[in-house]
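Notes follow the structure.
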Amino acid sequence: MEPQSEQAVQQPPITYQSSGIFKIFLTTIAILILVSIAAGAYFLGAKHGQSEQSRSVQKQQTTAILTTPTSDPTANWEVYTNDVMKFSLKIPHLWFVHKEEKTLSGYSLAISYPVDNPSSQNWISKQRANITIGLSLSKPQNLDEEVQKRINSPLNNLEKGKELKIDNQRAIALTSKDGHYEEVVVYSNNLSYVISLATPNGSDKNQPDYPNVALSEVQPAFDTILSTFKFTQ
């Protein structure tokens, strides 16, 4: 019997069945990476869109706030019209309009504050402001010349103040040096108007109960009343 050969028997190469599984694993990883990237991009895009939308809403709200018209402070004021003196204006609560009176040159009308009971005379010693509207029927001069004439008068003790508009007509204000009187001169339709505001200074010996009221205390109300003044001719 011949001895067996000691030459090593060659074994067939081993083929790993896991190579297919490894490819599947890599493919799965790649898919997950792509899905993650897509999800992240979507999330960032959605977040950016929400942020842009939020800024747009805030901008619209801010614009709405800035463009919302302010309420009219004269909405509840009484409208007063004077056909004789050819004007209208609005009067706030506790301001009382007296009937116009005939003067040498035209008409004059007074508005007193405060007046809670016009039939009583108690308000006279308590009044804190008085508006007078004077109308001259004579043909007016140049506005600047009229203002200068009033400044030069020794009876008035006035100095020139601001320029303003009364119903789109140029007007000039004059103020007294004691801080208790202001008047506004305005021309319209060949008529001359002087609208004045006066406050008590507490120095009237005949009326010791009169208060001392600075013009600045009632100036805002006067300015608002002037803003409602309309010529009706």
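The values are calculated or read from the model by the stated rules, or taken from the named source; none is laboratory data. What you see is a predicted model, and the numbers here were worked out from it, not measured in a lab. With ideal geometry, Cβ positions are generated from the backbone for all residues, glycine too; neighbour counts draw on all protein chains shown.
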Query raised in the report: Only one of (1) touching a His at 6+ places or on another chain (Cβ under 6 Å); (2) surrounded by fewer than 19 Cβ atoms within 10 Å (Cβ to Cβ) is not met by ASP178, so which one is it?
Result: (1)
Report task. Kindly state which strands (runs of 3 or more DSSP E) lie completely within the stretch 157-233 and contain at least 3 residues that are closer than 15 Å to ILE133 by Cβ. Result -> 169-176, 181-188, 191-198
Requested in this report: Working only within the stretch 79-129, note down all residues that are assigned to a loop (DSSP other than H, G, I, E, B) and among the hydrophobic types (A, V, I, L, M, F, W, C).
Outcome: VAL84, MET85, LEU94, TRP95, LEU104, VAL115, TRP123
Query raised in the report: For the stretch 113-129, does any single residue satisfy the condition of being modelled with pLDDT of 90 or more, in contact with a His (Cβ under 9 Å, 6 or more places away or on another chain) and closer than 17 Å to LEU215 by Cα?
Result: yes
